[in-house]
Amino acid sequence: MSAKSVPLSVRITPDDAEFLARLRIDQATTPSEKLRALVGAERRRREGYRDYGRVLALTRETLGPTLERILTAENNERVHSELVHSVAEALPDLMAYLLTAMADVEEERRGLERLEQQLADRVFRFVETMIRLGVTRKAPAYDPDVVTDRLEPILELTDVIRKTQ
């Protein structure tokens, strides 16, 4: 594959041109640099579904602007939510694993079982994290009751499970 650039002329709407001008992409300031970065990101996304690390990085990159806005708002309001940050940490891993888990599977049945086991590990690890936030009456969250208000149905379900096993 050649490193030589190919000139490309495109027409875009004024709204898209304004969007491109406002778009912030690391190490890309000109419209050409931004378009190269966007095309490269899309190529990596399409080709990278075999590599957990690449998909994880891409997912984090996708969530980056949203997390940045959340952190800025938290800083401005002097608040913090362990629940929000736990979701933001768990979500890229879940997405990356789910997108790459079946990439190189030769025996589908065994691959599906492994997928299920790994997803169960990740989901229950996340559930445990959420339940730990309910250990105290007031969770470290924007709304201190956000966890305890939702724990009662979970506790009822665990009681039913415990009684039937």
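The values are calculated or read from the model by the stated rules, or taken from the named source; none is laboratory data. Only a predicted model underlies this, so the values are computations on that prediction, with no experimental measurement involved. Cβ sites come from the backbone with ideal geometry, for glycine too, and all protein chains shown count toward neighbours.
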Within the stretch 10-41, take every residue that is under 17 Å from Pro65 (Cα atoms) and assigned to a helix (DSSP H, G or I) and give me the one that is farthest from the chain's Cα centre (by Cα). Ala21
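Residues are listed down the side, and each one gets a yes or a no for (1) more than 22 Å from Ile131 (Cβ to Cβ); (2) in a helix (DSSP H, G or I):
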position: Thr72; (1), (2): yes, yes
position: Asn75; (1), (2): yes, yes
position: His85; (1), (2): no, yes
position: Glu89; (1), (2): no, yes
position: Asp93; (1), (2): no, yes
position: Met102; (1), (2): yes, no
position: Glu113; (1), (2): yes, yes
For the structure I just gave you, tell me whether Leu94 is hydrophobic (A, V, I, L, M, F, W, C), surrounded by 14 or more Cβ atoms within 10 Å (Cβ to Cβ) and either within 21 Å of Glu74 (Cβ to Cβ) or at pLDDT below 95 (or both). no
Being in contact with a strand residue (DSSP E or B) (Cβ under 8 Å, 6 or more places away or on another chain) and surrounded by fewer than 14 Cβ atoms within 10 Å (Cβ to Cβ) is the filter here; which residues of the stretch 28-50 pass it? Glu33
If the Cβ limit is 8 Å and pairs must be 6+ apart or interchain, which residue in the stretch 32-48 that is over 17 Å from Thr100 (Cβ atoms) pairs with which residue that is small (Gly, Ala, Ser) and surrounded by 12 or more Cβ atoms within 10 Å (Cβ to Cβ)? Lys34/Ala28; Arg36/Ala28; Ala37/Ala28
Scan the stretch 51-64 and tell me whether some residue there is surrounded by 14 or more Cβ atoms within 10 Å (Cβ to Cβ), in a loop (DSSP other than H, G, I, E, B), touching a residue at least 40 places away in the same chain (Cβ under 8 Å) and under 16 Å from the mean Cα position of the chain (by Cα). yes
Right, Glu156: in a helix (DSSP H, G or I), more than 30 Å from Arg78 (Cα to Cα) and more than 23 Å from the chain's Cα centre (by Cα) or not? yes
Pairs under 9 Å by beta carbon, first residue at pLDDT 95 or above in the stretch 70-90, partner basic (Lys, Arg) and surrounded by 14 or more Cβ atoms within 10 Å (Cβ to Cβ), six or more apart or different chains? Ala90/Arg122
Would you mind stating whether Thr100 is surrounded by 16 or more Cβ atoms within 10 Å (Cβ to Cβ), under 29 Å from Arg45 (Cβ atoms) and of a type in the set (Val, Ile, Thr)? yes
Out of curiosity, is Thr30 outside the structural domain of Glu113 (by TED's automatic domain parsing) and not aromatic (Phe, Trp, Tyr)? yes
For the stretch 126-145, what are the residues that are closer than 18 Å to Leu94 by Cβ, loosely packed, with under 13 Cβ neighbours inside 10 Å and either touching a strand residue (DSSP E or B) at 6+ places or on another chain (Cβ under 7 Å) or of a type outside the set (Val, Ile, Thr) (or both)? Glu128
